[in-house]
Each structure stands twice: as structure tokens, then as C-alpha cells.
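Quick note: the coordinates plus some simple rules give every number you see, no bench work behind them. This one's a predicted model, so the numbers in the text were calculated from it and none came from an experiment. Here the Cβ positions follow ideal geometry from the backbone for every residue, glycine too, while neighbour counts run over all protein chains shown.
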Amino acid sequence: MGEPRPDIELSVIVPVGGRSANAVQLHAEYKAGLDALGQAYELIFVLDGSREKFAAGLRSLLDQGQRFTVVSLSRQFGEATALMAGFEHAAGRTIVTLPAYHQIESADVGRLVEALDSSDVAVGRRWPRAGGMLERLRRALFHALLAWVTHLRFHDLGCGARAFDRRVLEQIKLYGDQHRFLAVLADRQGFRVREVDVRQSPKDRFEGIYMPREYTRGLLDIFTVFFLVRFTKKPLRFFGMVGVTTFAIGAFLVTWLVAERLLFGQALADRPALLLSSLLVVLGLQLFALGLLGELIIFTHAGAIKDYQIESIIQYRVAQPPEGSRSQQT
């Protein structure tokens, strides 16, 4: 994170990736919404790669005397990396992320900032939400699966409008495509997360088609978050459970086959079940050993891992005995 500055209350980060709107129009919309807050703010655009068209619009705004920061990455790294680059240059006490296209009404950014009075993270939920039946079904399945693996109920993690207390982002490190799960990672760290209804922009219309690889990546991301949330500090519970189950099935099959050979004279040489059961036994042992190795690594680095937050500290002094008491007279 960048060094905090007392003269900046709000840092607004806009990561510019594959989907973006007209830079001049987007800047005018965001500026109007941020000016209405009445807080000192800085606006940071992070170009994930060249983004020549968007960059040209930003240059024209700078020539007109508009004031903001542009961080340009050497090549395309992904939105999570772009956000981290923006965080490194943020100096405000409150950090707001906004998408590089029209997604919410800019006037509702204030709702996210105000929600931080009673929470550490405020994530936007576009409501009422536009979209066809297939799109609503896709969103419902995604969030239902996420709720099942994390026990957290969210409705619109695809919304790029979020507000954070500065100390949240000082604790969370993003990589890959984990920007979608910032709220989940913050909750895991013990921060208070709140979902806030914001109005969806009429211009928020995605007309593309999600390819099968996008769904595959989404499922893998959910599995990653599942492991990070549930088993980061106790990998043996995951790998041990799977390993013991696999070993038990293989051991049962091996015992059954050996019993048939000893009691009923059944040959073992031409039975594929013997090979399968042996593989299950070996695989079970390997999974268990992998979990045990993970536990040893966690134990070694346990001193550097902090997955909790202190909400408050109440100090009190030891009461002093009254004057003339026995402790003073002795």
C-alpha cells in the first residue's frame, strides 16, 4: 500500500482491462459522483496493458487540466494485479474500486462509503438487476455454489464497485482472478463485510457470450477459494480425509481379493481389481502424506501467519490501595 496522506480521504481505483467504456464519458460520470461526496479524493486509473484507446482519452483529459493518476502496466497481467498496483499508489484512508465501464450509478458510490461506518468492507449489489433468464440462472448457480463451499451468502460478487477500510487491503494480497472474491477473503480475515444495494447503470449491458473456458475458470476459482477459506491452516483435514477414504476402499478390496484367494482358491493374476485396489491404497497413502507435509509447512511458518483482526483493546490499570492501608504501612 502507498503511504497514507492526511489530506486525502478517499482513493478511487479504476482497473482498465478488456472491457472498458469511453474514458472521457466515464471520467465525467465518476467525477460528478465523487464531487458530490464532499470529500478530498484521488482518482487512479490502472491500465492493464497498452489500452491505447482508453489511454488516448485519458491523455486528452490531462491536456484539459483534469487531475488524476495513471498507472500503466508493461503488459496485461489481469484485474487482480491491476488492483494491487492501484493499491500500492493509494494514499486515502478509504479505498474504493470502480469498474472501467458503466456498471452502477455513480451517485450511489456514497452508499458504499457510508456503509463503512458499520463495516470494514462494502460490496455493491446491483438491484434491481437487469438480465435475461439464462443470465439470472448463471448468477444464481454461481452464488449458490459459492455459498455451499464457503458458508457465505452474497448476491453479486461480479460487481466491481466496492469500498474498503485501508487496513483491509493492507492484510489481503491478491493474485490470479481472486479480485472477485475480495469480500470472501476479507471475511476470512475477520473483517466485517456488508452488501449494499446500488442502482445498476442503464448502460450496463454485456452482449458477449461466455465461453466454456470461462465457466471452467470460475469453478476452479471457487475451488481455490474453498481451500483458502476452509483448509489454509489445516490441510491435513482435507487431504487426510480424502486419503483415508481412498486408502480404506483400496484396503477393503485388497482384503476381499486375498480372502477369495485363500478361502475359495480364486486366482489373482488375471484380475484387474487387484491392480485397482493396489493403486487406491498407494494413492490414499500419498494424499495423507501430502496433507501431513502441508501441516509441517504451516507449522514452520505459523509465526508469520495472521488470520484474525483485533476489533478493540480495553486497558485498565491495577487499582491502587487507599492511603493508610496495611500495604502502605508495612
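Points worth noting:
- Mean separation of Cα contacts under 8 Å, 6 or more apart, over the residue count of the stretch 1-107: relative contact order %: 50
- Top of T224, T216, T255 by mean-square fluctuation, Gaussian network on the chain, Cα under 10 Å: T255
- Compactness ratio for the stretch 203-279: Cα radius of gyration over 2.2 N^0.38 Å (N = residue count) comes to 1.93.
- Gyration tensor verdict on the stretch 1-97 (Cα atoms; rounded if a/c is under 1.5, prolate if a/b is larger than b/c, oblate otherwise): oblate
- Taking each residue as 0.36 nm, the span from L279 to A36 lengthens on full extension beyond its C-alpha to C-alpha distance by 80.9 nm.
- 25 Å Cα-Cα threshold exceeded, pairs from K173/K203; K173/K234; K31/K173: K173/K203; K31/K173
- Relative contact order, percent, the chain [alpha-carbon distance under 8 Å, six or more residues apart]: 17
- Of I95, I249, I298, the one that fluctuates the most in a GNM where the chain has Cα springs shorter than 10 Å: I249
- Bins of 20 Å from zero: percent of alpha-carbon pairs in the chain: 24, 44, 21, 10, 1
- Potential extension, L134-R5 segment - 0.36 nm per residue separation minus Cα distance: 41.8 nm
- Positive dipole terminus of the stretch 120-207, leading residue within L174, A163, Q189 (C-beta point charges): A163
- The trypsin sites (Lys or Arg not before Pro) of the stretch 47-104 that meet both conditions, a loop assignment by DSSP and at most 12 other Cβ atoms within 10 Å of the site Cβ, are R67, R75.
- Most to least packed among 138-144, 239-245 [average Cβ atoms within 10 Å]: 239-245, 138-144
- Shape of the stretch 103-215, Cα gyration tensor, a/c cut at 1.5: oblate
- DSSP beta bridges in the chain [antiparallel fraction, %, rounded to 5]: 30
- Excluding exposed DSSP-loop GluC sites (Glu not before Pro) (at most 13 other C-beta within 10 Å), longest clean stretch of the chain: 1-169
- When the chain is treated as a GNM with alpha-carbon contacts under 10 Å, the residue of L146, L112, L253 showing the greatest mean-square fluctuation is L253.
- Of the DSSP H helices in the chain, those whose Cα atoms cover at least 18 Å axially and whose Kyte score averages 1.6 or more: 272-300
- Estimated from helical segments only, the mean residue ellipticity of the chain at 222 nm is -15000 deg cm²/dmol, where each DSSP H run of four or more residues counts as -39500 (n - 2.57).
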